[in-house]
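Trainee: Submitted below is the structure of interest, expressed as structure tokens.
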Amino acid sequence: MAATGHSLGIPEITSVGVIGAGQMGNGIAHVAALAGLPVVLVDVKAEALDKALATIRRNMDRQQAKGALTAEAKEAALGRIRTGTEMALLGESDIVIEAATEREALKLAIFKAACPLLKPAAILASNTSSIPITRLAAATDRPERVIGMHFMNPVPVMKLVEVIRGIATDEPTFDAVLALAGRLGKVTAVSQDYPAFIVNRILIPMINEAVQALQEGVGDVRSIDTALKLGANHPMGPLELADFIGLDTCLAIMRVLHEGMGDSKYRPSPLLVKYVEAGWLGRKAGRGFYDYSQDPPKATR
Ligand SMILES: CC(=O)CC(=O)SCCNC(=O)CCNC(=O)[C@H](O)C(C)(C)COP(=O)(O)OP(=O)(O)OC[C@H]1O[C@@H](n2cnc3c(N)ncnc32)[C@H](O)[C@@H]1OP(=O)(O)O
Ligand SMILES: NC(=O)C1=CN([C@@H]2O[C@H](COP(=O)(O)OP(=O)(O)OC[C@H]3O[C@@H](n4cnc5c(N)ncnc54)[C@H](OP(=O)(O)O)[C@@H]3O)[C@@H](O)[C@H]2O)C=CC1
């Protein structure tokens, strides 16, 4: 492990820990392992880890089929990923990137539990979509080494990492994370620590508006998605994208915006709330605005 030589002694990042093996956690593990970094992926459920490893292999197979990856490079990358349900496994990681469910109380509990197990110099990053980094940092023993490292979904494909400094985040931590993002082949955009940062401050209210338009009957699911795909050249319609992100995550982000900005223009659409209450969370649940038990998926309204 090479030292960077700055006064706080934060090491150059040569190993990565990831907490939460859902769609984002598996993507972050994927790109870090492909960049040659040893990765430890931790989740509360062993089944989530098995599923994540299968997803990573499937996505790497796809890259191999396209000629972007050799079989040897794929096996080497997969061999760099260790998984487990114990957070103590993160004790050797230079950076730990938290990618658990978008719930502030859960993230605060994870940060509190993780700190005593990490190297004193380890950076603690959150992939949160919306929760203030300063608030998460304040729950730790190292607020200067806490930072937002917000990857986009699907991580292996999307170029951007949004980097968010909390009020206490120091320069070496910021620099180390910019360097890591570069090593992962990503381009960074720096956001101030305001609710939902840049991408989701703009993207999620658009999705919420699409759900509101659906609720009001302005158009059905297909009309709304077709309108934005062909009318604004979006790769996915807003309802298809909401299903892809996860409706629980979209709702959690709208709630952070609503509370954090104190402005009624951010109120979540009641129909979005109803879908989440029904457990229709999108692709990961098999049903959201589309029903994925059918091929092609069938619009639900
Ligand atoms: C909520 C938050 O906090 C922040 C967010 O992330 S918001 C969400 C941001 N993401 C988006 O907006 C995604 C919008 N959608 C898209 O860009 C595209 O639909 C998509 C890239 C996901 C898929 O594109 P597509 O053309 O429909 O599908 P497909 O042709 O199968 O895939 C395009 C490429 O991505 C690759 N790909 C797709 N999913 C992949 C995955 N999970 N892993 C690895 N590669 C993947 C494909 O192999 C293909 O690669 P090539 O270009 O080398 O051929
Ligand atoms: N979905 C998206 O498009 C994007 C999401 N994000 C952010 O990334 C984070 C993860 O989102 P996403 O991957 O979509 O969510 P998922 O629901 O796919 O995955 C979250 C994972 O975290 C696990 N988890 C829950 N509690 C713990 C815990 N205490 N310790 C370890 N793991 C835990 C969950 O397990 P279980 O299922 O058992 O609860 C699940 O496996 C969120 O903060 C989200 O806002 C950021 C960018 C894009």
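Trainee: Please tell me which of these pairs span more than 29 angstrom C-alpha to C-alpha: LYS74/LYS229; LYS229/LYS265; LYS51/LYS265; LYS45/LYS298; LYS51/LYS229?
Mentor: Beyond 29 Å: LYS74/LYS229; LYS51/LYS265; LYS45/LYS298; LYS51/LYS229.
Trainee: Further, regarding this structure: If you take every DSSP beta bridge fully contained in the stretch 133-246, what fraction is antiparallel? Give it as a percent rounded to 5.
Mentor: 50 percent
Trainee: Now, a different point. Extension gain GLU75-ASP141, at 0.36 nm per residue separation less the Cα-Cα distance, in nm?
Mentor: Here the answer is 20.0 nm.
Trainee: Beyond 16 Å, how much of the Cα-Cα pair distribution for the stretch 23-105 remains, as a whole percent?
Mentor: The share of Cα pairs beyond 16 Å in the stretch 23-105 comes to 51 percent.
Trainee: Turning to a different aspect of this structure: Can you give me the C-alpha center-to-center distance between the stretch 256-301 and the stretch 162-231, rounded to a whole angstrom?
Mentor: One Cα centre to the other: 17 Å.
Trainee: If one takes the longest principal axis of the Cα atoms in the chain, at what angle in degrees, from 0 to 90 and to the nearest 10, does the Cα axis of helix 221-232 lie?
Mentor: Helix 221-232 sits roughly 70 degrees off the main axis of the chain.
Trainee: Out of all DSSP beta bridges in the stretch 16-192, what portion is antiparallel? Express it as a percent rounded to 5.
Mentor: 15 percent
Trainee: OK, next. Can you list the HN-Hα couplings for the stretch 284-301, worked out from phi with the Karplus curve (6.51, -1.76, 1.60; θ = phi - 60°), rounded to whole Hz and with x for Gly and Pro?
Mentor: 5, 9, x, 7, x, 6, 10, 9, 8, 7, 10, 10, x, x, 9, 5, 8, 9
Trainee: Just by accessible area at a 1.4 angstrom probe, what is the order of GLU86, GLU171 from largest to smallest?
Mentor: Result, largest first: GLU86, GLU171.
Trainee: What number results when the radius of gyration of the chain, computed over Cα atoms, is divided by 2.2 N^0.38 Å?
Mentor: Normalised Cα radius of gyration, the chain: 1.00.
Trainee: Another question, if that's okay. Ordered by residue, what ³J(HN,Hα) values in Hz, to whole numbers, does the stretch 165-172 give under the Karplus form 6.51 cos²θ - 1.76 cosθ + 1.60, where θ = phi - 60° and Gly and Pro are x?
Mentor: 8, x, 4, 9, 4, 8, 4, x
Trainee: Quick check: at a probe of 1.4 Å, how many percent of the accessible area of the stretch 75-202 sits on carbon and sulfur atoms?
Mentor: Carbon and sulfur: 60 percent of the exposed surface of the stretch 75-202.
Trainee: Using a 1.4 Å probe, what is the accessible area per residue for the chain, in Å²?
Mentor: Computed with neighbouring chains in place, this is 45 Å² per residue.
Trainee: With everything on Cα atoms, drop me the angle between helix 46-65 and the longest principal axis of the chain, reported from 0 to 90° to the nearest 10.
Mentor: Rounded to the nearest ten degrees, it is 80.
Trainee: Please give the solvent-accessible surface of ARG283 in Å², to the nearest 10, using a probe radius of 1.4 Å with every protein chain present.
Mentor: Spelled out: ARG283, probe radius 1.4 Å, area about 100 Å².
Trainee: Separate question: Tally Lys/Arg at +1 and Asp/Glu at -1 over every other residue whose Cβ is under 12 Å from the Cβ of TYR266; what's the total?
Mentor: +1
Trainee: Within the chain, what percent of beta bridges assigned by DSSP are antiparallel, to the nearest 5?
Mentor: 30 percent
Trainee: How far is helix 247-261 tilted, in degrees, relative to the longest principal axis of the Cα atoms in the chain, given as a value from 0 to 90 rounded to the nearest 10?
Mentor: Computed tilt is about 80 degrees.
Trainee: Going from most exposed to least, what order do ASP295, ASP94, ASP175 have by accessible area with a 1.4 Å probe?
Mentor: Solvent-accessible surface, decreasing: ASP295, ASP175, ASP94.
Trainee: At q = 0.15, 0.16 Å⁻¹, what log₁₀ I(q)/I(0) does a Debye calculation on the Cα points of the stretch 201-299 give, no solvent, two decimals?
Mentor: The Cα Debye sum returns log10 ratios of -0.54, -0.62.
Trainee: For the stretch 232-248 and the stretch 117-148, write down the distance between their C-alpha centroids in whole Å.
Mentor: 29 Å
Trainee: Additional query: For LEU34, LEU281, write out the residues from largest to smallest accessible area, computed with a 1.4 angstrom probe and no ligands counted.
Mentor: LEU34, LEU281
Trainee: With every protein chain left in place and a probe of 1.4 Å, what is the accessible surface of TYR275, to the nearest 10 Å²?
Mentor: Probe radius 1.4 Å; accessible area of TYR275 about 10 Å².
Trainee: Which one of LEU41, LEU78, LEU117 has the biggest mean-square fluctuation once the chain is modelled by GNM with Cα springs under 10 Å?
Mentor: Result for the chain, Cα springs under 10 Å: LEU117 fluctuates most.
Trainee: Run through the stretch 200-240 and list the GluC sites (Glu not before Pro) located in a DSSP loop whose Cβ has at most 12 other Cβ atoms within 10 Å.
Mentor: Taking the stretch 200-240 and a limit of 12 other Cβ atoms within 10 Å, the loop GluC sites (Glu not before Pro) found are GLU216.
The values are calculated or read from the model by the stated rules, or taken from the named source; none is laboratory data. A quick note: this is a predicted structure, and the numbers were derived from the prediction, not measured. Please note: Cβ atoms are built from the backbone with ideal geometry, for glycine as well, and neighbour counts cover all protein chains shown. Side chains are part of the model used for accessible areas, which takes the heavy atoms of the whole protein and leaves out ligands, DNA and RNA. Shrake-Rupley method; radii C 1.70, N 1.55, O 1.52, S 1.80 Å.
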